[in-house]
1. Return yes when residue 56 is surrounded by fewer than 20 Cβ atoms within 10 Å (Cβ to Cβ) and under 17 Å from residue 137 (Cα atoms) and no when it is not.
2. I'd like to verify a number: residues in segment 421-448 that are under 24 Å from the mean Cα position of the chain (by Cα) and among the aromatic types (Phe, Trp, Tyr), how many?
3. Restrict the check to segment 207-219 and report whether at least one residue is out of contact with any His (no Cβ under 8 Å at 6 or more places or on another chain) and surrounded by 24 or more Cβ atoms within 10 Å (Cβ to Cβ).
4. Against the conditions (1) free of Cβ contacts under 8 Å to residues at least 12 places away in the same chain; (2) part of a helix (DSSP H, G or I), where does residue 524 fall short? Just the number, please.
5. Output the number of the condition that residue 191 fails; it satisfies all remaining conditions of (1) over 30 Å from residue 122 (Cα atoms); (2) open to solvent by less than 10 Å² (accessible area, probe 1.4 Å); (3) hydroxyl-bearing (Ser, Thr, Tyr).
6. Pull up segment 500-530, narrow it to residues that are surrounded by fewer than 18 Cβ atoms within 10 Å (Cβ to Cβ) and in contact with an Asp or Glu (Cβ under 6 Å, 6 or more places away or on another chain), then point me to the one that is modelled with the lowest pLDDT.
7. Among the residues in segment 148-157, are any open to solvent by 10 Å² or more (accessible area, probe 1.4 Å), closer than 29 Å to residue 211 by Cα and in contact (Cβ under 8 Å) with a residue 60 or more places away in the chain?
Amino acid sequence: MHMVQAIVFLPLLGFVIAGFFGRMIGNRPSELVTTGFLILGAVFSWIVFFDVGFGKGAFKEALAPWIVSGALSVEWSLRVDTLTAVMLVVVNSVSALVHLYSIGYMHEDPSRPRFFAYLSLFTFAMLMLVTADNLVQMFFGWEGVGLASYLLIGFWFEKPSAVAAAMKAFIVNRVGDFGFALGIFLVFVLTGSVGFDAIFPKIAGLANTKFHFIGSDFDAMTLACLLLFMGAMGKSAQFLLHTWLPDAMEGPTPVSALIHAATMVTAGVFMVARLSPLFEASPTALGVVMFVGATTAFFAGTIGLVQNDIKRVIAYSTCSQLGFMFAALGAGAYSAGVFHLFTHAFFKALLFLGAGSVIHAMHHEQDIRRMGGLFKVIPFTGTMMLIGTLALTGFPLTAGFYSKDAIIEAVYAAHHGPTSYAFILLVFTAGLTSFYSWRLFFVTFLGPKRWGHEAAHGHDDHAHASHDDHGHDHHHEPHESPVVMLIPLALLALGALAAGLVFHDAFLGHGYEHFFKAAMPLGPDNHILHDMHGVPVWVQYAPTFMMVSGFCLAYIFYIAKPHLPHQLAEGQPILYRFLLNKWYFDELYDFLFVRPAKRIGHFLWKTGDGKIIDGFGPDGVSARVGLLSQTVTRLQTGYVYHYAFAMLIGLALVITWYMVAGAHS
């Protein structure tokens, strides 16, 4: 199937053309080439999706041998089963629409070829990750995505905040990747292979195997799964390794949509789903996955309540929804997690690009407290944001409704792990999600107008220097975005409305067996998809009830009695500051890790390197040589009698030596 090769390598070709020849061919051709390739890739992805999911099934395509070293043999091949096909559709569809949208959004940036090259490189790395047939190729894509995200988040590298955010994303991801790498090593030690088809059959024989690690014995499968999951926690911004995600909003808005909505952050979810046979062998690891997922969902939801930056609210919402996906994986309902990944990609990309359209309209204003009443001015963007909000909160028949409800039912029906803890947190988080989503919508689009000549001037610190006022005078009214930015919104809105209804049966219903085939094999004891449908009625209606109550509460707070939030914040200052400062995780990490690391670095630089190594080493040696040569040069005086005197002394010494030596002999 050459189509799959085209899907994977077209973005790479786009990256090479725009990245290396962008200046030669100019801005517009760079945009058109990269975007054209991605749209082609997206069309091919949908064809492959229907072909693999509803047609003839999975296939593999070997490209080349890659690493052969002793027992380790790594092929470079593309594995396309239903799980890959779902990811191809998500990655390429969103990426193509983000490319298209960026043509409008970035139209005044001087470095457009570089931007489009980075976007295409990111997409290529992500496609390498999802088509991987072995752990090493997956790790290659994994690191490639990390590199590209670093480049994209720090795209406006003149801004110190963007550089810091890019570094933070890269370093926090390294922490997770260290665990992922150890997990890969352990799987190789246990099975003697890194290829999925070779690993999975050997798992049954590894039950109850112990592995000696840091001084004690662990269950080998549990240890391997937890190390691999550590990698997923970093990439998918789960609790404790989540701090990079909100800061990553420093990149241009299309980057936020691409990285934080649909692709990079879902890599962890994909990895756990792909390695589901390993996790099936360890109920303990699945319990940890469920616990971390539910905790993340709740934790990020609480922070989302009080944020004022339009992109940060959506970023915390992403963090929270990823928690839902992991909770489903932890319950053993892998297809429910992947289904939420699939639907979430549409409505979250829609919300991010909608937010970008609002920021564009408001001349780079990102503070929702300086918006309001925008629905009348930018009705199309407002309608798109409304659709995205409905889907995110789980309004009946939208995409989010099917996948979120399925996750909550699966967690309730699960037979292992902290099920009651996870269930209560997720239901409560469904209410939080509804509240902060509607808060964002009401404050931005409805209510009194809070922008104008005075407001627009003071607050441009988010804007990029050359990108400041978008070539408009601040006296201008907010304006609807160009068509090239609105088409992606309309297409994503279609996905946000219909993706749940159309694909529900394939992911979770009777069509599951035919659709997924053997992409995510369930263990013999895993009957979660059957048990999900037997939960009590109140469980089925709990998320919808929470959604409605969140909406009503937001309506009272921000439309009916807009003075309430301020009163509540003043009445509960400690809680408000705790949430506003993101549970003080950044400060805690700064105290525990960043400052000690800097102190150690400073000590090693000044004392270790400067005083000890250089002092006794190169600097010390050169200083001694200098001193010696200075002493020797003093002998070179230029006076003949000095030299004659030296010769006489030399002669006397030689004669003395002969006499003494002669006497001895």
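1. The answer is no for residue 56.
2. Step one: filter segment 421-448 for residues under 24 Å from the mean Cα position of the chain (by Cα), giving 422, 425-426, 429-430, 432-434, 436-437, 440.
Filter once more, so that each one left must be among the aromatic types (Phe, Trp, Tyr): 436.
The number of residues fulfilling the criteria is 1.
3. no
4. Tallying (1) free of Cβ contacts under 8 Å to residues at least 12 places away in the same chain; (2) part of a helix (DSSP H, G or I), residue 524 fails exactly one: (2).
5. All conditions pass for residue 191, except number (2).
6. Quick first cut of segment 500-530, residues surrounded by fewer than 18 Cβ atoms within 10 Å (Cβ to Cβ) only: 501-502, 505, 509-514, 517-518, 521, 523-525, 527, 530.
So of that shortlist, the ones also in contact with an Asp or Glu (Cβ under 6 Å, 6 or more places away or on another chain) come out as 511, 523.
Details: 511: 86, 523: 75.
Going through the qualifying residues, I end up with 523.
7. no
Residue-wise test of (1) assigned to a helix (DSSP H, G or I); (2) within 30 Å of residue 434 (Cα to Cα); (3) in contact with a helix residue (DSSP H, G or I) (Cβ under 9 Å, 6 or more places away or on another chain).
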residue: 568; (1), (2), (3): yes, yes, yes
residue: 574; (1), (2), (3): yes, yes, no
residue: 591; (1), (2), (3): yes, no, no
residue: 607; (1), (2), (3): yes, no, no
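The values are calculated or read from the model by the stated rules, or taken from the named source; none is laboratory data. These numbers come from a predicted model, not from an experiment. Positions of Cβ are generated from backbone atoms using ideal geometry, with glycine treated the same way; all protein chains shown enter the neighbour counts. When the accessible area is computed, the model is the full protein with side chains, heavy atoms only, and any ligands, DNA or RNA have been set aside. Shrake-Rupley method; radii C 1.70, N 1.55, O 1.52, S 1.80 Å.
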